[in-house]
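> Quick one: the structure is below, and I'll ask about it shortly.
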Amino acid sequence: MLNYFFTSSRRLLLRLALVSVPPRTHSNLIPLCRRLHNKMEQAVVRCVPGESKLTISFTLDGINKQMLRDTTEELGKLLARIGHNTTKGQGKAKKSKKSKEHQQPTEEARPSAVGLFYNGELVPEGTLNSEAWQDGAVLQVGEVKYAVQRNPPAFTTAELPASLLAGFPVCPKLEVEFGHLEQCEFGWYKETRPDVSADTAGDSGDTWREVGLERVYVPSNLDIGLRLRLCCTPKDGDRRGPDKELVSVATVEAGPGACTFDNRHMYTLKGPEEPVLRVVSYNILADIYAQTELSKTVLYPYCAPYALEADYRQNLIKKELVGYNADVICLQEVDKGVFSDSLCPALDAFGLDGVFKIKAKQHEGLSTFYRRSKLRLLSRHDIILSESLTSDPLYSDMLEKISTNPVLKDKILHRSTALQVSVFEVLKEPSRKICVANTHLYWHPKGGNVRLVQISVALKHLNHVISEVAPGAALIFSGDFNSTPNSGLFSLLTQGVIADSHADWSSGGPEEACPQTVSSPFRPLLSVCGEPAYTNYVGGFHGCLDYIFTEPDNMEVDQVIPLPSHEEVTTYQALPSVSHPSDHIALVCDLRWRT
């Protein structure tokens, strides 16, 4: 057995410190948060099957301790290390006291007795760490007892957005381990006296007032100029983990006033009921493009510089998307970081899960979000169009024809265009399946020939997925097709065929011409939102480039949410603007299953 020593006369001062705030600030927050009260201090053990290390976190002699140990190590060695740490703490305390009071040397510090108990019995020191540290065990260090919590619910990520606008939802980025976000508890607080800092407010806690208990908080104009604080407790059923407390870096700022999507939200106050699905398609303008000098000085010189900033636009995008109460949201030009750090936390809070497909060698791509209470994701079949063209035998005939024109072939193969394909089943009626496709085709005005090849590859792939994976599934094909209604692409989708004589085959000039007749494997598709005058409106161009297509045999249009009026779009000359976050306009429609 481990050698134990008599404890020193000075009792160890132990306090649990498992929140990411300084101790001085922590004392001010105790009145604010619903905390876990136990008679004993807490020792938190994280021990995950398959990992070679475990961590033990507790407070020793007023100092936060986190020990990383091998799971295969014997308990006795770890307990000896804890006892040794208590000795060092006592020695430092005595040395400090001696130097301050000029006293004679005192007796040497002696290690505290350290033991681990389970069901009232001492755990043998030869027990491996992975087996010794059980939930409900008691660690005793001197006279102080710790209740062991093994793998309690805990936040691994907890962040507030950098920008806060009145009237716009504040959606924290939260990730929980060993727990469930939907079970967690939340408390929102706002400053009552912005001129008093948390460090100088004392222990009264009266500088903060509770304003909300939900996962998402929408600040009002009364909150302008004030910081926000979030206190959240991770949970797994009745199990509660350590609280996390977050304070916003910035204060709440005034919103932009009326936005282009405000009137549209009047049509989508509630989500549709079965058998109707609400679908959104939206190019949200990637931040990596909005932040370039070209965008600020040439593409969007009419847009206020602050309205092109990522934080500002993300506030507008999240509010717009949330307000549509959609079941399926197909987004284009989604930055990888925006997907994980902004959109996922925000839309997850409103019942939507998302998947992401990045373009080849790019930092942005496609994302599809779906309402988890209505749809279940069965499988994904994403591809990079150029890669599939050269590697999949399904396209051998098309590749052979394109190879007769090396200039065009090289141009096509250098494109990073992706096709995101997700197959879902309807939870209330699993026999109903949907194949949701999302894409953003080549952008160049003279690239009609490239887009014809890209859409041909996409249609073949979608037909293969539906035939082999989800027979009978309804197709919803959304995206930024960079094609107007008079294009060959639109004709191929809505008429089922494109002739070799179509002008788009020569759109890149004679050196890129590769005319061929192409037939769609699908019956003519329906452009659900029709042919709007424009879905893209910038200083030098406006036109219809975005569509939602479906098979009319499977689904019919229940309603199309009206686009913003021309006056709304041009209030600030063009898009994007202080009231609209993208140079595109979202398409929103309700589709009803045919019986």
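Just so it is clear, none of the values below were taken in a lab; they were calculated from the coordinates. As the structure is a prediction and not an experimental result, all values here were calculated from the model. Cβ sites come from the backbone with ideal geometry, for glycine too, and all protein chains shown count toward neighbours.
> Set the Förster distance to 41 Å, then compute FRET efficiency between Y306 and H414 from the Cβ-Cβ distance, nearest 0.05.
That gives a FRET efficiency of 0.70.
> Still on this model: Please report the antiparallel percentage of the DSSP beta bridges confined to the stretch 337-477, to the nearest 5. Don't skip to the end; give the middle numbers.
On the way: 22 of 26 bridges.
In the stretch 337-477, DSSP labels about 85 percent of beta bridges as antiparallel.
> While we're on this one: Can you tell me the relative contact order of the chain? Whole percent, Cα pairs under 8 Å, sequence separation 6 or more.
11 percent
> Can you compute the equivalent ellipsoid semi-axes for the stretch 353-456, i.e. the square root of 5 times each eigenvalue of the Cα gyration tensor, sorted largest first and rounded to whole Å?
31, 15, 11
> Take the alpha carbon gyration tensor of the stretch 167-314, find the square roots of its eigenvalues, order them as a ≥ b ≥ c, and report rounded if a/c is under 1.5; if not, report prolate when a/b exceeds b/c, else oblate.
Details: a/c = 1.96, a/b = 1.30, b/c = 1.51.
Here the stretch 167-314 falls in the oblate category.
> Angle check, please: helix 310-323 long axis (alpha carbons) against the longest principal axis of the chain (alpha carbons), in degrees 0 to 90, nearest 10.
Relative to the chain, helix 310-323 is tipped by roughly 70 degrees.
> Let's see if you can work this out: charge +1 on each Lys and Arg Cβ, -1 on each Asp and Glu Cβ, no other charges. What is the dipole magnitude of the chain about its Cα centre, in debye to the nearest 20?
With Lys and Arg at +1 and Asp and Glu at -1, about 2240 debye.
> Give, rounded to the nearest 20 debye, the magnitude of the charge dipole that the stretch 524-577 has about its Cα centre when Lys and Arg contribute +1 at Cβ and Asp and Glu contribute -1 at Cβ.
That gives a dipole near 280 debye.
> Something else: Determine the principal axes of the Cα atoms in the chain, then give the extent along each, sorted from largest to smallest and rounded to whole angstroms.
102, 54, 48
> Where in the stretch 525-569 does the amide nitrogen come within less than 17 Å of the point 7 Å from the Cα of S519, taken along Cα to Cβ?
525
> Here is a further query. Which of the peptides 337-348, 267-278 is most tightly packed, and how do the rest follow, judged by the mean count of other Cβ atoms within 10 Å per residue?
337-348, 267-278
> Expressed in nm², what is the orientationally averaged projection area of the convex hull enclosing the Cα positions of the stretch 540-594? Spell out each step's value before the answer.
Numbers: hull surface 17.7 nm².
With the hull built on Cα positions only, its mean projection is 4.4 nm².
> Using helices alone, what [θ] at 222 nm do you get for the chain, with -39,500 (n - 2.57) per DSSP H run of 4 or more residues, divided over all residues and rounded to the nearest 500?
-5500 deg cm²/dmol
> Semi-axes of the equivalent ellipsoid of the stretch 486-584: what are they in whole Å, largest first, if each equals the square root of 5 times a C-alpha gyration tensor eigenvalue?
30, 22, 8
> Sticking with this one: Identify, among V560, T535, L575, the residue whose Cα sits farthest towards the positive end of the charge dipole of the stretch 491-595, taking +1 on the Cβ of Lys and Arg and -1 on the Cβ of Asp and Glu, with the dipole about the Cα centre.
Projecting each Cα onto the dipole axis, the largest value belongs to V560.
> Which residue, chosen from A43, L246, I317, occupies the Cα position most advanced towards the positive end of the dipole of the chain, where the dipole is computed from +1 (Lys, Arg) and -1 (Asp, Glu) charges on Cβ about the Cα centre?
Checked the options; the winner is A43.
> Treating the angle as unsigned and between 0 and 90°, give the value, to the nearest 10°, between the Cα long axis of helix 448-468 and the longest Cα principal axis of the chain.
70 degrees
> How far is helix 75-101 tilted, in degrees, relative to the longest principal axis of the Cα atoms in the chain, given as a value from 0 to 90 rounded to the nearest 10?
70 degrees
> Any idea what the dipole of the stretch 470-595 comes to, in debye rounded to 20, about its Cα centre with Lys/Arg Cβ at +1 and Asp/Glu Cβ at -1?
Details: 3 positive and 15 negative charges, 53 e Å.
Roughly 260 debye for the stretch 470-595.
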